[in-house]
Amino acid sequence: MTEKFCSIKVHQWIKEESQYLVFALHGFTGSGLDFYPLVEVTFDKFDWVCPDILEADSLEKTLEQLNQILQKFQNKKIILLGYSMGGRVLLHYVLRYPDCCSAFDFNRASPGIENETERKKRREADLKLAEKILKIGTKKFIDEWQQTPLIKSQKKIDPKIYNKMLQRKDKLSEVNLANSLKFLGTGKLSSLWHRLHEIKQPVFLFTGEKDLKFSQIAQKMCRQMLNARHIVISQAGHAAHLENMGFFIGRIIKLL
């Protein structure tokens, strides 16, 4: 079922008797519907709530709206699942609302850029990319974006799943894509490295074995968190939860 909550569209699959609920945030150019292949396989074990966050116009407003959504499900044990941009937003969320859930699962998420000069450079690069999206339009941008080294490994995703994802991406608003970079981009958000020790719940950091950059980030995060584990997903890159979905689902079920 899909419903509109404030400015956020929310895709949800709920059974009243379920004990666990997965609250999942997608990555840049994504949608809450990107998690549906996981929902199909695990719905007997978990409920799922998957918002679309590309219409964000500020981090503050996004966090407030996400919290209002989650307040509806306080009778369940909540697991946060964030992929890339979604993981970055959820890191800010759990530090804002520390008692919000039972466990966190961050996939290819970064706590930000510690060096202010480097963060400024990234912010400027994100703004240029946002301007490019507005200039060339969604379809052309997505065609180029899917060929970047970090994203290219998504071609390993099951073709039926991948093709549906591409169809959704091609229909995204260029304004929303640009705004997600302006308001939720790595250059825009403050660094959280110095606050990672505040997270007390179990944290599982999943990265694809071929995603070397984010594997190194996950290892560094583990050294600064109280209860974190880095789990490498074999034969996968940046979108590891879909590139090797069976492995990912098996580990999630086992961990919980």
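No value in this document is a laboratory result; all are computed from the given coordinates. What you are looking at is a predicted structure, and each value in this text was computed from that prediction instead of being measured. Cβ placement follows ideal geometry from the backbone for every residue including glycine, while neighbour counts extend to all protein chains displayed.
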Checklist entry - FRET efficiency for residue 209 and residue 160, Cβ-Cβ distance as r, R0 = 30 Å, nearest 0.05? => result 0.80
Checklist entry - Given only helices, namely DSSP H runs of n ≥ 4 each adding -39500 (n - 2.57), what is the per-residue ellipticity at 222 nm of the chain, to the nearest 500 deg cm²/dmol? => result -13000 deg cm²/dmol
Checklist entry - Could you give the distance between the Cα centres of segment 141-219 and segment 97-139, to the whole Å? => result 9
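May I ask for the equivalent-ellipsoid semi-axes of the chain, computed as the square root of five times each C-alpha gyration tensor eigenvalue and listed largest first in whole Å? Present the calculation step by step, with values, prior to reporting the outcome.
Values: eigenvalues 120, 91, 77 Å².
Taking √(5λ) for each Cα gyration eigenvalue gives 25, 21, 20 Å.
Kirkwood-based Rg over Rh for segment 212-252 (C-alpha set), two decimals?
Working: Rg = 11.0 Å, Rh = 11.0 Å.
That ratio is 1.00, to two decimals.
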Item to check | Extended-chain gain in nm, criterion 0.36 nm per residue less alpha-carbon gap, residue 17 and residue 193 | outcome: 59.6 nm
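Give me the net charge of residue 255's neighbourhood, meaning all other residues with Cβ under 14 Å from the Cβ of residue 255; Lys, Arg count +1, Asp, Glu -1.
On the way: positive: 45, 77, 229, 251, 254; negative: 105.
Combined, the nearby Lys, Arg, Asp and Glu give +4.
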Checklist entry - Under a point spin-label approximation (7 Å from Cα along Cα-to-Cβ), what is the residue 40-residue 7 distance to one decimal in nm? => result 3.3
Item to check | Compactness of segment 51-99 as Cα Rg over 2.2 N^0.38 Å, two decimals | outcome: 1.09
Item to check | Simple label model, 7 Å out from Cα along Cβ direction - residue 124 to residue 216, nm | outcome: 2.3
